[in-house]
Amino acid sequence: METGEEFGPWLARQLKLAGKTQAELAKELGLTRAAVSAWIAGRSTPRPTVMTDIANALGTDVGTVHTRTTDTQAGLPVTWYHRPGYPDGGRDLGNAAAFAFDADVQVLARETCQNSLDERLTENGRPVRVRYTLHELTGEHLEAFREAILWNELFPHYSAVSELAGTQKVGRVVDAGVRDMYEKGRLILLRVDDYNASGLTGDDYEDGKFAAVVRRQLESLKSGTAAGGSYGLGKATLWATSALGLVLINSTLSVPHEGRTERRMIGRLELPWREVDGMTCAGPAWLGRPDPNSPRGEVTRSWWAEEETVARLHLSRESDEPGTSFLIVGAHDVASLEEEDSYDQDMKPRAEEGPEDARDISRMHARLVEALGRDFWAAMIGGGGRLPLLEVSVRALRNGEVVVPEKKVDPSVEQPSRTRALRAHYEGTTVERLTEAGQVASRNVPLKMPLAGGARGTLGTHQAVLLVTEAAGDKDTPKNRVHSLRGNRMTVRKAPVSNLPIGTNPFQAVLLIGEAAGESAPFAKEAEEFLRAAEPPEHDRWGQTEELTLRWSPSAYRRIQNLTTEINSAVRELVARPKRGRGEGGEALRKALTVKSRPKAKVPSGPVVPELDTLEATIGDQGEWLITAEVKIPRGDEIVPMVPIAQLDVRSGGRPRLDWAELVAVEGCEVQDGTLRFPPGTRRAKFRGATDASSHPVRTTLTRLVVELRAGKGA
C-alpha cells in the first residue's frame, strides 16, 4: 500500500491535534512511553497489529494510519484566527499593498494570469491552463456557503468595521459589500483556477511559495529571469477585488508537503484594525485548523480537507493536476459599476439585457475576456514547433447553472493582426519589406546592454525582433502601435509610433525582446533581467525605476529610450510606401492631361502670419508630451517668425505653461532659440517637439495639451 508522510512526524502531529501526550497514548496501547518515543523519533515503527490499536486511540481507521496521506478527524475543528492587536497600540487601517491596484477585474486578470504563467511547470512542455469562473449565489445556495465559511463567527468583525465606515476607506468598501449581500440577497464569487502549475508548495511558516502568498507581504519567490512578477504585489489584487476582503484557497501541490499533495486549504481575510467583544484585532485573519505548536494553540494553519468540505466551499478542482484555485468572495468591479451608471443615465430599458444581476456577471465576463485577449494573446500562440504557454477560458454561473457558457480566449479573434505576425515569425515566413497584403515584415532592433554596478561601457548588443503587418479590417485597436513582450510573452508596453509619414496604411507591430526573441539570442537573459528591473509594479512600461538605478546606474534608462528610437525608426522604414518612378502615377497622368493654367493670384505685400494646421500628440516613456505639428503659411513676401507655446488645458484661470525639452525642424523651417523661422516662399512647414516632464505640475495622463503659435521676437 502506498504511504505518504513518515510515520514519526505524522503521529506527533496527530497527538497534538487530538490533545494527547506520548504517555497517554502509551497507556492506552499498554506499552511503554519509550516505545512511543522511538516511533516519533523514527528509530522504529509499530507492528501491524499495533497499527489497529493506534487507529482506535486516534478515532480513525487503520487505512489512514497505514497510508498517512491525511490527518485524522480527531482534534481541533477548522476555525478563524484573528491576529491580535499590536501591544504598542499601533493600528493598520488596511493592507497598503491592495491600494497599489484598482478593484478592477481587468487588473485582476493581468496580475493573476501573469502569476500562473510564472508558475507553469516547464518539464512537460505543456501550457498552463487558467479558468476564470464567475458564480452568483442566491437563496439557499448563499445560506449554505455562508455556513461553510463560518459566517456567524465573521459577522461581528464585519459589524465592527462597518461602524468605522465614515472614517476608513476600507471600512466603506466592506460596509458596501455586506449591505449588497443582504439587500440584494446575492453574493458574487470569482474563482481563478490554474492547472499544470507548481501550486502553493512549502511550509506554512518557513520560506516557500505558500508562506509568500498566504502569510507575507511584498515577497516574490519567482524563479527565472523571464518571470513577470518581481515586487510581490500582484497577489494583493485578489483581496482588492473582494468587497469583503476574503479569499479562500485550495492548492494541489507539485511537490508533496507532509506526504500529500491534494486539497491543501486555507482562507485569508483582510480587514482594518477593529475591536470586537473587548478584543482588538490587528487586521488579517486566517481560516484553518488550529496549530498545536502555536502560542495557546490559537494560530490556524492550512489543513488537508475532505472532498465534501471543498465542494461546500465551491473550490472543487476538475483533476489532480498541480495548481491552485483562488476563490474571491464578494467580487466587485469598480469599472463595471461605472459602466452601469452610464447605462442607467442613458435611460435605456433594463429589460433589454435582462435582470440587473445577470448584467453584472455578464459584463464582468466580457471584461475578463477583453483583458486576457489584450494582455496575453502572445502567450496563447504556438507555431513552427513551439507550443503555446497559456490556455485561458472564462465562464459565468448562477447557483451552479450556466449563465454565460465557457469561452476559450482565442488570440486570432482578439488580436488577429498581431497573431498573424507572431505565427509568421515562428513558422519562418516573414519578409524583409511589406509588398503584399497579409505579409509580415521582420527587422532586428539593437538594445545595447549596460554594465552592471554603474560601470561605464557596454556589455554587448542584444538583438530584439520587430514584426510589422497590416491592420486593415480587423478589431485590434488602436492601430499603429507596438506591443512589446519579454520571455513570458505578456504584453508589457503598448506604445504608438511617432512621426509616421502622412498616408501610412494602418499597421500593427510586435517587439520580441529578451528570451521572447529566442533563448539563443545574444544577451537574452541579460536583457530579461535588465528590462524586468525597469518595470514598475503594474508591469506596463519600461523606464526609470529605483532597482534600475541601484543595480545599473541613474542613466541606464536612456538605453531604453535609445531602443524606442530604434524601434520607431525601423517601423517607419518598414511601413513607408515605395517611391514611384518618373513614368508612373502622377507624372504619367500629368502628361496625358491638358491642364488649363489659371492666372497667378496677387501676392499680398507685408508680413504674413503662419497658422497651426494639424497637431499629433502622444505621451512618451518619461511622461513627456511628444508632438508633431504642421504649419500652413499664406502667400506673402515676408513670413513672421513664430514661437510654439505648450500649455495645459484648464477649466478656469490661466493655463500652466510647459517648457520644451526639444524643438526640431522637420521641413520648411528652422529652429533658432525656440523660434520657428521660415524661408521666403514657404507654404507649409513641419516641426517636432518634446516637453520637459519636470515642468509638468501634474501627471501627464491626467492632462490635456494645448499648443499655440505666437508671433516671435522682432515681429
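For this structure, a couple of remarks:
- Among the trypsin sites (Lys or Arg not before Pro) within region 431-501, those in coil by DSSP and having at most 11 neighbouring Cβ atoms inside 10 Å are R456, K475.
- Using equal-weight Cα scatterers in the Debye expression, the normalised intensity of region 405-542 in log10 at q = 0.08, 0.18 Å⁻¹ is -0.24, -1.07.
- Label point at R657 placed 7 Å out along Cα→Cβ; residues across region 682-715 whose backbone nitrogen lies under 16 Å: 691-692, 695-697, 706-715
- Stokes-Einstein, applied to the Kirkwood radius of the chain over Cα pairs at a viscosity of 1.002 mPa s and 20 °C, places its translational diffusion at 72 µm² s⁻¹.
- As a rough guide to protection, the peptides 544-550, 497-503 ranked by mean Cβ packing within 10 Å, highest first, stand as 544-550, 497-503.
- Couplings 3J(HN,Hα) for region 558-570, derived from phi with the Karplus relation 6.51 cos²θ - 1.76 cosθ + 1.60 (θ = phi - 60°), are 5, 4, 6, 4, 5, 4, 4, 4, 5, 4, 4, 5, 5 Hz, where x marks Gly and Pro.
- Here the convex hull built on the C-alpha positions of region 467-528 has a volume of 99 cubic angstrom per residue.
- Ordering of 270-277, 404-411, 676-683 by packing is 270-277, 404-411, 676-683, highest average first (other Cβ atoms within 10 Å, averaged per residue).
- The mean accessible area for residues of the chain, using a 1.4 Å probe and ignoring ligands and nucleic acids, is 48 Å² per residue.
- Apportionment of accessible area to carbon and sulfur, the chain, percent (1.4 Å): 49 percent
- When each of the peptides 639-646, 458-465, 564-571, 704-711 is scored by how many other beta carbons lie within 10 Å of its residues on average, the order from highest to lowest is 639-646, 564-571, 458-465, 704-711.
The values are calculated or read from the model by the stated rules, or taken from the named source; none is laboratory data. Just so it is clear, the structure is predicted and the values come from calculations on it, not from any experiment. Positions of Cβ are generated from backbone atoms using ideal geometry, with glycine treated the same way; all protein chains shown enter the neighbour counts. For accessibility, only protein heavy atoms count, side chains too; no ligands or nucleic acids. Shrake-Rupley method; radii C 1.70, N 1.55, O 1.52, S 1.80 Å.
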